[in-house]
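Participant: Have a look at this one.
The values are calculated or read from the model by the stated rules, or taken from the named source; none is laboratory data. Bear in mind the structure is a predicted one, so any value in this text is a computation, not a measurement. Reconstructed Cβ throughout: ideal geometry from the backbone, glycine too, with neighbour counts over all protein chains shown.
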Amino acid sequence: MRWIKGGLRFECQPDCGQCCTQSIFGNGEVEGVFLTKRDARRLAKAGLDWAVEERDGYLLLAEKDGTCVFLDEKTKGCGIYANRPTQCRNFPFTPGRDSPLATRERWAVAREGCPGIDVGRFYDKTSIRKLVRGRGEHGGFRV
Ligand code: SF4
Ligand code: SF4
């Protein structure tokens, strides 16, 4: 993550919801909303374990025809906002080798699917690192 030393801009755009309707998250092999074990536990506690899938050794959120099962198609809102996974909470400042932060190239790929990347609010390196560690939430994921 050394490439982020100059900070980055991100601001989720109103009425977008693109990242819930397309697989812009991925690691080149598997695409979707990746879950941490903690995310999966939180979903199970809320009775939503049916929406947790295991694919190629990853835990993922269930989707139908490329759309997250929790996206409200009418409002473009998240149906499980309080329980949404870390990836949705802190995107694009997510941890791991699959993160858009992993390399400059991955950031550029994510930008193709997300109009909020490289625009709006500025985050310095320290605040990005805090978000990656799950400490705090960013300016808002608007779906
Ligand atoms: S994170 Fe990006 S793709 Fe997702 S809703 Fe916000 S602006 Fe759209
Ligand atoms: S859990 Fe919510 S924010 Fe995350 S992809 Fe599904 S609808 Fe979008």
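Participant: I'd like the full set of residues that are of a type in the set (A, V, I, L, M) and touching a residue at least 40 places away in the same chain (Cβ under 8 Å), limited to segment 58-92.
Facilitator: Matches in segment 58-92: 71 only.
Participant: Is it fair to say residue 38 is closer than 22 Å to residue 100 by Cα, within 16 Å of the chain's Cα centre (by Cα) and at pLDDT 90 or above? If you could, list the steps in order and put the result at the bottom.
Facilitator: Numbers: closer than 22 Å to residue 100 by Cα: yes; within 16 Å of the chain's Cα centre (by Cα): yes; at pLDDT 90 or above: no.
It is false that residue 38 is closer than 22 Å to residue 100 by Cα, within 16 Å of the chain's Cα centre (by Cα) and at pLDDT 90 or above.
Participant: Could I ask something else about it? Select from segment 62-71 the residues that are part of a strand (DSSP E or B) and buried (at least 16 other Cβ atoms within 10 Å of the Cβ) and write down the one among them that is farthest from ligand 1 (Cβ to nearest atom).
Facilitator: 63
Participant: Continuing with the same structure: Sort out which residues of segment 92-114 are assigned to a loop (DSSP other than H, G, I, E, B), more than 12 Å from the chain's Cα centre (by Cα) and surrounded by 15 or more Cβ atoms within 10 Å (Cβ to Cβ), and write them in order of number.
Facilitator: Answer for segment 92-114, where residues must be assigned to a loop (DSSP other than H, G, I, E, B), more than 12 Å from the chain's Cα centre (by Cα) and surrounded by 15 or more Cβ atoms within 10 Å (Cβ to Cβ): just 102.
Participant: Among residues belonging to segment 72-91 that are among the basic types (Lys, Arg) and assigned to a loop (DSSP other than H, G, I, E, B), point out the one that is farthest from residue 45 (Cα to Cα).
Facilitator: Among residues in segment 72-91 that are among the basic types (Lys, Arg) and assigned to a loop (DSSP other than H, G, I, E, B), the one farthest from residue 45 (Cα to Cα) is 74.
Participant: Is it true that some residue in segment 51-61 is out of contact with any strand residue (DSSP E or B) (no Cβ under 8 Å at 6 or more places or on another chain), part of a helix (DSSP H, G or I) and either of a type in the set (Ser, Thr, Tyr) or within 14 Å of ligand 2 (Cβ to nearest atom) (or both)?
Facilitator: No: segment 51-61 contains no residue that is out of contact with any strand residue (DSSP E or B) (no Cβ under 8 Å at 6 or more places or on another chain), part of a helix (DSSP H, G or I) and either of a type in the set (Ser, Thr, Tyr) or within 14 Å of ligand 2 (Cβ to nearest atom) (or both).
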